[in-house]
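The values are calculated or read from the model by the stated rules, or taken from the named source; none is laboratory data. Keep in mind it's a predicted model, so treat the numbers as computed, not measured. Heads up, the Cβs are rebuilt from the backbone with ideal geometry, glycines too, and the neighbour counts pull from every protein chain shown.
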Amino acid sequence: MKTTRYFEEQVLRKRPYIRREWCEEALRNPAHREVQGDGRVRYWIWVPELQKYLRVVTLEDGETVHNAFPDRGFKEVQP
């Protein structure tokens, strides 16, 4: 998994409970995906261990993880 320096030095330090495999799974099989106005891509995945959705944000390439955090406000969109 490709990551930014910010993810390695800040995100994982502030949120050491976040597992890389959760981020990888979010990119492979997201519950929801959307592109931000700045081109970065948001992915959400349900994490049973957290009992919350995890939001993973990548750079514009859609594969370099920049941020990840539990998203308390996310409600999965039903088709």
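Filter the range 1-29 for residues that are assigned to a loop (DSSP other than H, G, I, E, B) and more than 19 Å from ASP71 (Cα to Cα); which is modelled with the highest pLDDT? Walk me through how you get there before you give the answer.
Pass one, the range 1-29, residues assigned to a loop (DSSP other than H, G, I, E, B): 1, 4, 15-19, 29.
Retained after the next criterion (residues that are more than 19 Å from ASP71 (Cα to Cα)): 1, 4.
Details: MET1: 94, THR4: 98.
The qualifying residue modelled with the highest pLDDT is THR4.
Does TYR43 qualify as being touching a helix residue (DSSP H, G or I) at 6+ places or on another chain (Cβ under 7 Å), at pLDDT 95 or above and crowded, with 18+ Cβ neighbours inside 10 Å?
Values: touching a helix residue (DSSP H, G or I) at 6+ places or on another chain (Cβ under 7 Å): yes; at pLDDT 95 or above: yes; crowded, with 18+ Cβ neighbours inside 10 Å: yes.
Here the answer is yes, as TYR43 does meet what is asked.
Checking GLU76 against (1) touching a Cys at 6+ places or on another chain (Cβ under 8 Å); (2) assigned to a loop (DSSP other than H, G, I, E, B), only one condition comes out false. Which one?
(1)
Which of the residues that make up the range 54-73 are within 12 Å of ALA26 (Cβ to Cβ) and more than 9 Å from the chain's Cα centre (by Cα)?
Listed by number, the residues that qualify are GLY62, GLU63, ASP71.
Within the range 64-79, take every residue that is among the charged types (D, E, K, R) and loosely packed, with under 13 Cβ neighbours inside 10 Å and give me the one that is nearest to PHE7 (Cα to Cα).
Filtering the range 64-79 down to residues among the charged types (D, E, K, R) leaves 71-72, 75-76.
When the remaining residues are screened for being loosely packed, with under 13 Cβ neighbours inside 10 Å, the result is 72, 75-76.
Values: ARG72: 20, LYS75: 25, GLU76: 25 Å.
Per the criteria, the residue is ARG72.
Go through the range 47-60 residue by residue and tally those that are part of a strand (DSSP E or B) and either in contact with an Asp or Glu (Cβ under 6 Å, 6 or more places away or on another chain) or surrounded by fewer than 14 Cβ atoms within 10 Å (Cβ to Cβ) (or both).
Looking only at the range 47-60, we keep the residues that are part of a strand (DSSP E or B), and these are 47, 52-58.
Applying the additional criterion that residues be either in contact with an Asp or Glu (Cβ under 6 Å, 6 or more places away or on another chain) or surrounded by fewer than 14 Cβ atoms within 10 Å (Cβ to Cβ) (or both) yields 53, 55.
Residues in the range 47-60 being part of a strand (DSSP E or B) and either in contact with an Asp or Glu (Cβ under 6 Å, 6 or more places away or on another chain) or surrounded by fewer than 14 Cβ atoms within 10 Å (Cβ to Cβ) (or both): 2 in total.
Among the residues of the range 7-25, is any touching a His at 6+ places or on another chain (Cβ under 7 Å), exposed (fewer than 13 other Cβ atoms within 10 Å of the Cβ) and in contact (Cβ under 8 Å) with a residue 40 or more places away in the chain? Can you show your working first?
So the first thing to find is which residues in the range 7-25 are touching a His at 6+ places or on another chain (Cβ under 7 Å), and the list is 7.
Among the residues that remain, those that are also exposed (fewer than 13 other Cβ atoms within 10 Å of the Cβ) are: none.
Within the range 7-25, none of the residues are touching a His at 6+ places or on another chain (Cβ under 7 Å), exposed (fewer than 13 other Cβ atoms within 10 Å of the Cβ) and in contact (Cβ under 8 Å) with a residue 40 or more places away in the chain.
Would you check which residues across the range 26-37 are touching a residue at least 12 places away in the same chain (Cβ under 8 Å) and either exposed (fewer than 14 other Cβ atoms within 10 Å of the Cβ) or touching an Asp or Glu at 6+ places or on another chain (Cβ under 8 Å) (or both) and list them? If you could, list the steps in order and put the result at the bottom.
Pass one, the range 26-37, residues touching a residue at least 12 places away in the same chain (Cβ under 8 Å): 26-27, 29-32, 36.
Selection gives LEU27, ASN29, ALA31, HIS32, GLN36.
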